[in-house]
Amino acid sequence: MDSAQLLAAGETLFVTFRLAGSVPARAFRELHQQRQQAQNEARALPDAAAFRAAHHRAEKVFFAGFDKLLDAATVGPTFLEKEKIADIVAGELLLLEELGFRVLCFALLPNHVHAVLHLPVGSGVSCHKALQLLHQRTAAQCRRVVRALLPAEADFWQTGSYDYAVHDAAELPRLVAYVVGNAARSGKTGRWLNWPYCYAAPGSK
């Protein structure tokens, strides 16, 4: 099934979720405000095509800044670089396929996760609910591994995630390439370039 057929046959999401406190709060607020301003300006454009293009640009600019902050890892924990933690999260991501998802790819970096997930039409599964349960299950399991490093009252994952619905067939392979090339692109060296917790389903590249 090619990209166009896949997108027509269900919901495809590019998802990013991160450890709690992994981005400087002030920098994140500034990015969010810039996105809101750009989106407000887009709404004032005269036609629907111009609005969609401007809105898409605003999302891309926001995400580029957001991911740069995550890759810099200047604040917060980096628990995902621990192989026991990465094993748990990667295993739970792949288990989404038992619910009907197609896990097209994912990458685990020290403080965040990128994934591209496809949910076929008629699966009867809520994408939001499935991701919420994944957060809950992985947080409970990972807490047992890092309990000496994480206060009982502290969150493991940051509330919410960045979810981007993929509609453009040409964009899907670019997103998959972005995810699987994340370590090299963000300047990681050594074991990160052979990091086993970077996955692409057969035929998705």
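The values are calculated or read from the model by the stated rules, or taken from the named source; none is laboratory data. Note that the coordinates shown come from a computational prediction; the quantities given were computed from them, not determined experimentally. Ideal geometry is used to build each Cβ from the backbone, glycine not excepted, and the neighbour counts take in all protein chains shown. All accessible areas refer to the heavy atoms of the entire protein, side chains included, with ligands and DNA or RNA removed. Shrake-Rupley method; radii C 1.70, N 1.55, O 1.52, S 1.80 Å.
A few notes on this one:
- Of Glu153, Glu41, Glu30, the one that fluctuates the most in a GNM where the chain has Cα springs shorter than 10 Å: Glu153
- Calculated log₁₀ intensity ratio I(q)/I(0) where the Debye formula runs over C-alpha points of the chain, q = 0.09, 0.12, 0.18 Å⁻¹: -0.36, -0.65, -1.41
- In sequence order, calculated HN-Hα J values of the range 141-156 (Karplus, 6.51, -1.76, 1.60; Hz; x Gly/Pro): 5, 5, 4, 5, 7, 10, 4, 6, 9, 10, x, 4, 7, 8, 6, 8
- Candidates Pro46, Pro173, Pro151, ranked by Gaussian network fluctuation over the chain, Cα under 10 Å, top entry: Pro46
- Whole-angstrom gap from the range 170-186 to the range 127-166, using each part's C-alpha centre: 23 Å
- Derived scalar couplings ³J(HN,Hα) [the range 106-118; Karplus, 6.51 cos²θ - 1.76 cosθ + 1.60; whole Hz; x for Gly, Pro]: 7, 9, 9, 10, x, 10, 7, 10, 10, 8, 10, 10, 10
- Shown for the chain: the carbon plus sulfur share of the solvent-accessible area, taken with all protein chains present and a 1.4 angstrom probe, equals 55%.
- Sum of -39500 (n - 2.57) over DSSP H runs of 4+, divided by residues of the chain (222 nm, nearest 500): -15000 deg cm²/dmol
- Between Glu11, Glu98, Glu59, the residue with the greatest mean-square fluctuation in the GNM of the chain (Cα pairs under 10 Å linked by springs) is Glu98.
- Based on C-alpha pairs under 8 angstrom that are at least 6 apart in sequence, the range 88-205 has a relative contact order of 34 percent.
- Per residue accessible area in Å² of the range 100-143, where ligands, DNA and RNA are left out and the probe is 1.4 Å: 34 Å²
- Per the Cα gyration tensor, the range 1-110 maps to an equivalent ellipsoid with semi-axes of 29, 24, 9 Å, ordered largest to smallest.
- Prolate/oblate/rounded call for the range 105-167, Cα gyration tensor, a/c under 1.5 rounded: prolate
- Farthest positive-ward along the range 53-205 dipole, Cα basis, beta-carbon charges - from Val113, Ser204, Ile85: Ile85
- Relative compactness, the range 83-205, computed as alpha-carbon Rg over 2.2 N^0.38 Å: 1.10
- Cα gyration tensor category, rounded, prolate or oblate, for the range 47-140 with a/c compared to 1.5: oblate
- Classification of the range 10-72 by its C-alpha gyration tensor yields an oblate form. The axis ratio a/c (a ≥ b ≥ c) is 1.5 or more, and b/c is at least a/b.
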